[in-house]
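**Q** Questions regarding the structure given below will be posed in turn.
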């Protein structure tokens, strides 16, 4: 739920300064999920505290961090999101009494794997399935961590494949160097906010043109902005809603030069609600 707020200045390190415009308030639970040792604790401490330690201590249970961030959404509105970031233990036993309880009520998931270790991807896939079962189709980002080390090609391919299957944008991150950490966390916060603001199944002529264009060939975000003459945030929100409603899918998922997601969208062939015939490819 989004509530009207005030213009108090955030005190967390690196948080956006308070805007001149009034802001609205929102709370969001975000869970970090992945195998032991992939760097979940290091990532959340880098984001919240601006710190990194070489000393590794395995997380037992869940440790909850908090950070506030201002998000400007496609409507031009400012929403201050209080994210509670759940750093969870990597080893989950399916027969444990509270197996996957940390995932219930999550509004977003940051899935983490080790870009140097392909064996860290299958446990991550399992946790993403558990997240889908526990919290529904919430926004997910996949963080390929430890990018400051030599990447394993199999790990990279497996992680991008997992992201494509789950509809999760992928980021190359380094908790040690800080690369793409803020982008991955705060892009997820924006997606959570956009989802809460957009009606789930209200479509117009722009949506129909986008789906028809993607049916002819995959379209990038930039192509949709150019063809429909709409701002990036507006186009991104529409594409996400169309994907969530089963009308679009990720056609390709890759990384740009900065290690951030580069996506294209294709039509699924499903009909718009109330349509008599499916979209023709």
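**Q** If packing is taken as the average number of other Cβ atoms within 10 Å across a peptide's residues, how do 167-177, 255-265, 147-157 rank, most packed first?
**A** 167-177, 255-265, 147-157
**Q** Given an 8 Å cut-off on Cα distances and at least 6 residues of separation, report the relative contact order of region 205-267 as a percent.
**A** 39
**Q** Sort 127-135, 79-87 by packing, meaning the average of other beta carbons within 10 Å per residue, with the highest value first.
**A** 79-87, 127-135
Since every read-out is calculated from the coordinates, none of them should be taken as a lab result. Remember, it's a predicted structure, so these values are computed and weren't measured experimentally. Cβ coordinates were reconstructed from backbone atoms using ideal geometry, including for glycine residues, and neighbour counts include every protein chain displayed.
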